[in-house]
Amino acid sequence: MTELVIDAPIVAVVVYPDRARITRRGRIKTPAGDQTVYVESLPLALQEDSVRVSGRGPATVLGVDVAMRHHPQAPDETVAELERQRREAQAVVEELTDADEVQDQLQMFLAQLGRRAGGTFARALAAGEASVELGEFTESLAGRLSAVRSERRQLAKQRHEAEERLAAADRRLAAVAEQRTPDRRSAAIGLAVVEDLPHPTTPVVSEAEVEVELSYVVPGAGWTSSYDIRLTGDQLTLSWYGLITQHTGEDWPECDLTLSTARPMLAAKIPELDPWYLDRHHPPVPVAPAAVPVSADVGRRAAYGAESLQAAAAPAFADLAATVEQGVTAATYTPPRPVAVPADGASHRATIASVDLDTVLDYVTAPVQSADVHLRATVVNSSAHTLPAGRAAVFHEADFVGSTALPMWAPGEDVELALGLDDRIRVERKLVRRTASKATLGSTRRREVEYETRIENHTPRTARVTVLDQLPVPRDHEIAVKPITAEPEPAETTDLGVVTWKLDLAAGAEIGIRLGFRVDAGRSVELTGWRE
């Protein structure tokens with residue numbers, strides 16, 4: 001068979017949460033008959049059983065093998081570009097060093113000229129022959145020396161910057177060298193090319209042009225979700241980004257890049273439960289070790305097993321329909337702009353969507369812990385997207401106020417988002433009454449406290465404020481807690497002692513909340529956990 005190498009660059013990438021599927025495509029003219037076409041420089045970590053071939057043209061796929069190719073150096077355009085940048089930076093450093101040496105020689109020459117001329121002018125002054133030429137010479141010499149030193153300072157600054165660029169290039173080359181090895185894999189595709197039958201009046205054509213498409217899955221890649229939540233007035237806008245990282249050993253150019261929420265191979269088998277047996281313990285009976293059978297399937301081909309090779313011996317080569325991961329359990333997203341992702345392990349952001357969401361804003365405060373008032377948004381996912389979990393940066397207008405974590409968020413589902421603090425809602429809680437009685441013979445000890453919380457609304461609109469306070473919860477039968485005062489009537493009191501008020505506070509208004517309770521404890525009980 002004739003060996004032909006096809007130039008098949010990356011044209012599409014589907015990125016899953018923990019891997020990626022790469023598609024390469026190229027065209028080649030090949031003689032009729034059985035041919036072997038090679039696609040070179042594939043990553044070492046590709047999953048061999050994921051390799052698939054399709055294409056266009058008068059040909060049939062006979063099979064595909066994946067072989068190792070050993071190279072003396074990495075066949076990588078990124079490495080070549082980094083080496084070119086390093087050579088340029090090194091040349092600039094050398095040029096600036098030479099220029100500085102020239103200025104250093106000029107400075108030495110001017111210094112020697114000044115010393116020699118100084119002796120001549122000194123003898124003239126001693127003889128009483130002072131002239132205007134002395135002043136002009138000294139001023140000219142001083143100006144030249146100042147210009148030389150200024151030029152040397154500029155050269156030193158430029159050389160320092162060039163040395164920093166050189167060091168950066170060295171660091172990037174070292175990082176790439178750690179991630180990449182010169183060896184690559186090669187896909188050997190067997191094709192049966194049918195002779196092109198022209199019109200009867202034209203000569204016979206003994207070669208045909210075919211388009212080959214090769215796809216494979218690689219680990220070492222993935223994407224996660226990142227969000228920007230921007231609150232403008234009462235309108236909340238969520239921007240969804242995909243952060244793509246990969247260190248597969250090959251750079252992805254700007255191509256048809258798709259982000260998928262599917263998880264390949266994780267749902268290959270539906271879980272089934274085996275019977276759960278309980279039995280009497282039986283001591284193990286020694287058994288002689290059995291002979292290990294030798295597997296006969298030693299010559300399995302790399303990309304296709306013997307059985308699958310027979311099943312896929314003659315695929316429909318003209319079928320170029322793409323595999324779509326859109327379905328009931330997964331979704332795919334194509335960023336609006338192409339994104340190049342080098343194999344540097346860094347995060348590369350791709351915009352997925354920006355949606356305006358329905359939201360209800362309110363405030364939450366727990367003055368028993370802190371006087372801070374938190375702005376909260378109850379947001380309904382009114383988009384068609386199922387949003388994966390991820391970190392979200394929160395902005396009020398153009399101001400960054402913090403970050404929060406978004407859970408998995410399905411369409412129609414509502415979540416609560418913390419949108420930072422608002423100092424325009426003021427809260428103050430203080431102890432206004434406290435009494436305590438000592439236990440007498442056969443009696444109990446009693447403590448009574450009452451707290452007052454003042455809430456002020458300094459925003460320009462009515463604010464819905466949720467105030468959280470608490471009652472102590474007894475954990476002993478000789479300790480009893482009884483509420484005395486709760487004004488106004490709380491909206492909810494839980495079994496764990498959390499008391500909740502929901503208040504609608506007009507702009508500029510102020511309201512007070514009072515909570516009082518009594519604690520009775522047995523005479524012999526020493527209370528722990530009490531605080532005021």
- request: Mind counting the residues in the stretch 331-356 that are surrounded by fewer than 18 Cβ atoms within 10 Å (Cβ to Cβ) and closer than 17 Å to N381 by Cβ?
  value: 5
message: For the list (1) part of a loop (DSSP other than H, G, I, E, B); (2) in contact with a strand residue (DSSP E or B) (Cβ under 7 Å, 6 or more places away or on another chain); (3) within 26 Å of W501 (Cβ to Cβ), I need the number of the one condition that S370 fails.
response: (2)
- request: Kindly state which strands (runs of 3 or more DSSP E) lie completely within the stretch 158-269 and contain at least 3 residues that are in contact with a strand residue (DSSP E or B) (Cβ under 6 Å, 6 or more places away or on another chain), in the same structural domain as E48 (by TED's automatic domain parsing) and modelled with pLDDT of 90 or more.
  value: 207-218
Pair list, Cβ under 9 Å, 6 or more apart: the stretch 496-512 residue polar (S, T, N, Q), other residue in a strand (DSSP E or B): T500/T466; T500/V467; T500/L468; T500/D469; T500/E492; T500/T493
- prompt: Among V379, V401, which is the only one that is closer than 20 Å to T365 by Cα, modelled with pLDDT of 90 or more and among the β-branched types (V, I, T)?
  reply: V379
task: Kindly indicate whether any position in the stretch 508-520 is over 27 Å from A436 (Cβ atoms) and among the small types (G, A, S).
output: yes
task: Can you tell me which residue among D297, D274 is surrounded by fewer than 11 Cβ atoms within 10 Å (Cβ to Cβ), modelled with pLDDT of 65 or more and part of a loop (DSSP other than H, G, I, E, B)?
output: D274
- request: Scan the stretch 327-373 for residues that are among the acidic types (D, E) and closer than 30 Å to T248 by Cα and report the count.
  value: 1
message: From the list V394, V427, exactly one residue is outside any loop (DSSP other than H, G, I, E, B) and more than 23 Å from the chain's Cα centre (by Cα). Which is it?
response: V427
task: Kindly provide the set of residues from the stretch 411-448 that are touching a His at 6+ places or on another chain (Cβ under 9 Å) and surrounded by fewer than 12 Cβ atoms within 10 Å (Cβ to Cβ), ordered by number.
output: D423
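Across the stretch 354-382, which residue is farthest from A330 (Cα to Cα) among those that are of a type in the set (S, T, N, Q) and in contact (Cβ under 8 Å) with a residue 60 or more places away in the chain?
Only one residue fits best here, namely T365.
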field: Pairs with Cβ under 7 Å, 6+ apart, first in the stretch 421-439 and farther than 18 Å from W501 by Cα, second part of a loop (DSSP other than H, G, I, E, B) and modelled with pLDDT of 90 or more
entry: L421/D372; R424/H458; R424/T459
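For (1) in a strand (DSSP E or B); (2) under 16 Å from A366 (Cα atoms), each residue gets a yes or a no:
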| position | (1), (2) |
| --- | --- |
| E456 | yes, yes |
| L468 | yes, yes |
| R475 | no, no |
| T500 | yes, yes |
| D504 | yes, no |
| G508 | no, no |
| E532 | no, yes |
query: If you go through the stretch 406-420, how many residues are under 22 Å from S370 (Cα atoms) and without any contact (Cβ under 8 Å) to a residue 60 or more places away in the chain?
result: 3
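Which of the residues spanning the stretch 494-532 are β-branched (V, I, T) and buried (at least 18 other Cβ atoms within 10 Å of the Cβ)? Please lay out each step first, then the result.
Of all residues in the stretch 494-532, those β-branched (V, I, T) come to 494, 498-500, 511, 513, 519, 525, 528.
Scanning the stretch 494-532 gives V499, I513, V519.
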query: Between a first residue in the stretch 28-56 that is under 16 Å from E250 (Cα atoms) and a second residue that is at pLDDT 85 or above and basic (K, R), which pairs have beta carbons less than 9 Å apart while being 6 or more apart in sequence or on different chains?
result: V39/R24; L42/R24; Q47/R19
- prompt: So, in the stretch 329-361, of the ones that are among the acidic types (D, E) and in a strand (DSSP E or B), which residue ends up farthest from T258 (Cα to Cα)?
  reply: D358
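The values are calculated or read from the model by the stated rules, or taken from the named source; none is laboratory data. Bear in mind that the values here come from a model prediction, so they are computed numbers and not experimental data. Positions of Cβ are generated from backbone atoms using ideal geometry, with glycine treated the same way; all protein chains shown enter the neighbour counts.
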